[in-house]
Amino acid sequence: MRDDEQLLLGIDVGTTGTKAALFSLAGQLEGVDQVEYPIHHIRPGWVEQDPEDWWAAVCSATRRVLAGVRAGAERVAGVAVSSQAPTLLAVDASGSPLRPAIIWMDRRAEREARDLERLMGLDRILRITRNRPDAYFVAPKLLWLRKHERRVFERTYRFLQIPGFVNQRFTGEWGMDAAHAALTGLRDYAGDCWSAEICDACGVDPSQFPPVRQGHELQGVVTQKAACETGLAAGTKVMVGTVDGAAAAVEAGVVSLGMAAEMTGTSTVLLMPTHEGIQESAFIAMPHAVPEIHLLLGAMVASGASLKWFRDQLGQPSSGGASEDFDRLTATAAQVPVGSDGVIFLPYMMGERSPLWHTQARGVFFGLSLATTRGALVRSLLEGTAFALRHNVEIARRAGVQIDTLRTVGGGARSPLWNQIKADVLGIPILIPQTSVGAPFGDAVLAGLGLGFYSDLTQQLVRLVKVRETYEPNRRNHDHYTAVYDIFRRIYRDLRDDFDRLAEVLEASTR
């Protein structure tokens with residue numbers, strides 16, 4: 001690469017860390033860096049993060065990735081940011097947070113979600129937003145904030161999403177992308193505007209949200225202050241950005257019917273391009289980052305998080321870091337036959353979103369014996385998350401979504417064993433894109449689209465996104481997994497009411 005060739009910077013603010021990556025206009029990875037930060041579990045079901053941790057990580061990761069490329073800052077033509085979603089982030093007129101951010105994983109607004117449903121009716125909310133009223137979305141969280149932290153609620157100038165917060169620090173301008181707007185639960189999906197009815201029910205005014213634009217549109221340019229903090233050149237163009245899942249769909253090249261992608265990190269998100277008319281309340285609906293395409297998302301809470309939990313609580317951490325720890329765990333799982341010696345894992349460690357929408361569901365190891373090994377437990381974790389993925393795929397197909405192949409991106413794509421398990425459980429090929437660094441690739445492509453480097457993005461992605469490896473399903477393994485999957489589903493159905501009863505007992509004990 002020439003030292004004067006332009007670069008695109010993609011930044012993804014995830015649940016556990018921020019990743020910044022530089023790409024050439026041809027899609028070649030030129031550098032990547034990642035910075036982690038904590039998740040604060042305030043109490044069971046309450047999950048927050050400090051927005052200043054996000055900005056510090058953005059600054060650090062950006063500085064370090066630029067330092068690794070000659071004349072990096074001067075060559076960056078544009079930046080786009082994606083993030084975990086959705087988030088309740090209340091800020092004052094200067095953009096300063098008024099309290100810690102309540103992130104997507106937080107479940108404190110369960111009661112408020114039920115209140116909203118009783119007030120407006122489930123069918124009415126689904127018709128307006130195409131999404132169910134659930135504590136995952138921002139609308140119930142707003143009701144919680146109004147009820148329990150009235151002073152913060154009344155002082156709030158803007159309710160932001162993470163790219164809007166980061167971009168405001170970059171540019172001094174306000175903005176929100178259409179995908180994040182849909183995930184607030186306050187947006188009239190078909191009308192592409194804020195729902196006055198839902199905003200009124202939540203006690204907010206549409207003016208408290210930033211202008212909504214497409215993710216590839218320009219939000220502003222890097223200020224001198226932000227340039228000093230991040231190492232970027234002042235005047236660098238910053239796009240509005242998008243949700244991490246939408247950026248991952250771009251990274252995977254999933255912009256056509258019949259294709260789907262799954263992004264596994266802390267959680268797993270199944271990304272399915274659809275006709276606008278296809279609706280299924282088990283899934284999350286939002287616009288694709290690519291204009292005029294829509295997505296249905298099957299969002300599972302704790303796939304990679306379950307493996308991390310096992311490592312932290314029951315594993316044997318090494319001195320080589322998190323990546324080596326996970327490699328060691330999956331190496332033990334590879335020694336165990338298909339079916340994990342009869343152990344079945346329900347991966348509902350923080351409740352579950354799609355397709356169950358059951359906050360009180362919990363993780364279960366089923367079939368333990370004195371002969372159960374560490375490797376069997378780890379393999380059951382990998383298989384259980386694949387079973388949950390299959391559950392989503394089955395419901396999507398019944399709704400009319402075509403899924404012929406599945407592309408896998410994110411941290412989970414680095415595990416050959418996990419990839420093969422998914423292929424065998426689903427019975428379809430699993431494709432691994434050549435550039436698999438996660439959402440930052442999609443962010444960089446959005447930046448290139450906004451700058452005019454890519455005219456026909458669908459055709460451009462065919463050239464940019466190459467498949468590195470394909471995992472074909474083993475028919476014999478698939479048949480075995482199908483039998484185990486039926487038991488997996490039955491275990492949850494049998495335990496569903498017990499999960500709810502246990503939650504009631506635990507709540508009563510804390511009063």
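The values are calculated or read from the model by the stated rules, or taken from the named source; none is laboratory data. Computed from a prediction, not measured in an experiment: that's the story for all the values here. FYI the Cβ positions are ideal-geometry reconstructions off the backbone, even for glycines, and counts take in every protein chain you see. Each accessible area value is taken on the protein alone, full model and side chains, heavy atoms only, with ligands, DNA and RNA left out. Shrake-Rupley method; radii C 1.70, N 1.55, O 1.52, S 1.80 Å.
Remarks
- Centre separation in Å (Cα based) which lies between segment 155-169 and segment 230-307: 21
- For the chain, taking the reciprocal of the average inverse distance between every pair of different Cα atoms yields a Kirkwood hydrodynamic radius of 23.1 Å.
- Pairs from the table (K141/K308; K141/K225; K19/K308; K225/K466; K19/K141; K19/K237) lying more than 29 angstrom apart at Cα are K141/K225; K225/K466.
- For segment 217-272, average projected area of the Cα convex hull in nm²: 5.3
- Bridgeable aspartates and glutamates around K147 (alpha carbons under 16 Å apart, same-chain partners fewer than 8 residues away excluded): E110, E112, D115, D200.
- Rounded D (µm²/s) - segment 430-476, Kirkwood Rh over Cα pairs, Stokes-Einstein at 10 °C, 1.306 mPa s: 130
- Along principal axes, Cα extents of segment 51-132, largest first, whole Å: 58, 27, 25
- Listed residue (I198, L464, L346) projecting farthest to the positive dipole end of the chain, Cβ model: L346
- Kirkwood radius, segment 172-230, all distinct C-alpha pairs, inverse of mean reciprocal distance: 13.0 Å.
- Estimated Rh, segment 174-274: Kirkwood, alpha-carbon pairs, angstrom: 15.8
- Accessible-area composition of segment 224-272, carbon plus sulfur, in percent [1.4 Å probe]: 57
- The string of couplings for segment 278-293 from the Karplus curve (6.51, -1.76, 1.60, θ = phi - 60°) is 6, 10, 8, 5, 6, 10, 9, 10, 7, x, 5, 5, 7, x, 6, 10 Hz, one whole number per residue in order, with x for Gly and Pro.
- Segment 132-192 - percent of accessible surface contributed by carbon and sulfur, probe 1.4 Å: 37
- Solvent-free Debye scattering, log10 I(q)/I(0), computed from the Cα coordinates of segment 401-511 at q = 0.16, 0.19, 0.20 Å⁻¹: -0.86, -0.99, -1.04
- Evaluated with a Cβ-only charge set (Lys, Arg +1; Asp, Glu -1), the chain carries a dipole of roughly 580 debye about its Cα centre, given to the nearest 20.
- Computed from phi, the 3J(HN,Hα) profile of segment 175-181 under the Karplus parametrisation 6.51, -1.76, 1.60 (θ = phi - 60°) reads x, 8, 8, 5, 5, 4, 4 Hz, with x in place of Gly and Pro.
- Alpha carbon convex hull of segment 254-304, projected area averaged over orientations, nm²: 3.5
- DSSP bridge orientation in the chain - percent antiparallel, rounded to nearest 5: 70
- Amide H contacts for W46 (H built 1.01 Å from N in the peptide plane; partners 5 or more residues away or on another chain; cut-off under 5 Å): R107.
- Estimated at 0.36 nm per residue, the fully extended path between L417 and S256 surpasses their Cα-Cα distance by 55.2 nm.
- Gain on full stretching of the segment that runs from H480 to R397 - 0.36 nm per residue minus C-alpha separation: 27.7 nm
- Projecting label points 7 angstrom from Cα along Cα→Cβ for D312 and D123 puts them 4.4 nm apart.
- 5 angstrom amide H check on V467, placed H, neighbours 5+ away: Q434
- Karplus (6.51, -1.76, 1.60) ³J(HN,Hα), θ = phi - 60°, over segment 362-367, in Hz, Gly and Pro reported as x: 9, x, 9, 9, 10, x
- Geometric descriptor of segment 451-511, per residue, is 239 Å³ (volume of the convex hull of the Cα atoms).
- Most positive-pole-ward Cα, M263, H480, L431, against dipole of the chain from beta carbon charges: H480
- Projected label points at A67 and V505, each 7 Å from Cα along the beta carbon direction, are separated by 5.4 nanometres.
- Residue among Q224, L506, W55 farthest towards the positive dipole end of the chain, charges placed on Cβ: L506
- A simple spin-label model places the labels of R43 and Q6 5.2 nm from each other, with each point 7 Å out along Cα-to-Cβ.
- Once backbone amide H atoms are built at 1.01 Å from N, A334 has no partners under 5 Å, excluding neighbours fewer than 5 places away on the same chain.
- Segment 1-68 - Rg over Rh from alpha carbon coordinates, Kirkwood radius: 1.13
- Between R490 and Y157, full extension at 0.36 nm per residue minus the direct alpha carbon distance yields a gain of 115.1 nm.
- Considering only alpha-carbon pairs that sit under 8 angstrom and 6 or more positions apart, the relative contact order computed for segment 383-511 is 27 percent.
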